[in-house]
Amino acid sequence: MDKKYIDITSYDGEGYEPLVHFESWRCAVLRYIDELELENLTDMQKHNETDELFILLEGECVLFTGGQGDELNDFDAIKMEPLKVYNVKKGTFHTHTLKKDTTVLIVENDNTYDYNSPKIWFDAEQKAKVVELGKKLGF
């Protein structure tokens, strides 16, 4: 295939890797990494300027939310189903845990970076709540 017509990109490493950038959006892949094990989760982040799409391609992933505003609250979790689009709304705290051999496709604004995506680290009670939610969903 002539590269002037189609770029073919893939990623089989660990963690998050942007693959395609175009104008105002980018497409990335998220794969298993130790820091996303349920017991290793430490924080949630939110994106102040964009929604973020997650699509489970293979494996198992739980998507957690922690409300909106300036504090973590209203914790919830959903076990993702393959090929469904999960749109995390702008300003919603979120994180995820993945099992090995999991691949999640992410579509987000190209200007999504740490400076406009604040994190809040869990206190002991919040961490326990996230772990409890994950265990209820089989993680």
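Read-outs throughout are calculated quantities, based only on the coordinates presented, and are distinct from any laboratory measurement. Remember, it's a predicted structure, so these values are computed and weren't measured experimentally. Neighbour counts are summed over all protein chains in view; Cβ atoms, including those assigned to glycine, are modelled from backbone coordinates with ideal geometry.
Provide the packing ranking of 127-139, 12-24, i.e. peptides ordered by the mean count of other C-beta atoms within 10 Å per residue, highest first. Kindly include the intermediate steps, with their values, before the conclusion.
Numbers: 127-139: 15.5, 12-24: 11.6.
In descending order of packing, they fall as 127-139, 12-24.
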Under the 0.36 nm per residue contour assumption, what length would be gained going from the current alpha-carbon distance of GLU125 and ILE33 to full extension? 30.7 nm
Let's see if you can work this out: charge +1 on each Lys and Arg Cβ, -1 on each Asp and Glu Cβ, no other charges. What is the dipole magnitude of the chain about its Cα centre, in debye to the nearest 20? 320 debye
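Evaluate the Kirkwood expression for the hydrodynamic radius of the chain, namely the inverse of the mean inverse distance over all pairs of different C-alpha atoms, and round to one decimal in Å. Please list the in-between numbers first.
Details: mean 1/r = 0.0641 Å⁻¹.
Radius from the Kirkwood sum: 15.6 Å.
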Order of 112-121, 25-34 by packing, highest average Cβ count within 10 Å first? 25-34, 112-121
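Among the listed pairs LYS90/LYS135; LYS4/LYS89; LYS99/LYS135; LYS4/LYS90, which are separated by more than 23 Å between their Cα atoms? If you can, show how the numbers build up before the last one.
Numbers: LYS90/LYS135 27 Å; LYS4/LYS89 35 Å; LYS99/LYS135 13 Å; LYS4/LYS90 34 Å.
Exceeds cut-off: LYS90/LYS135; LYS4/LYS89; LYS4/LYS90.
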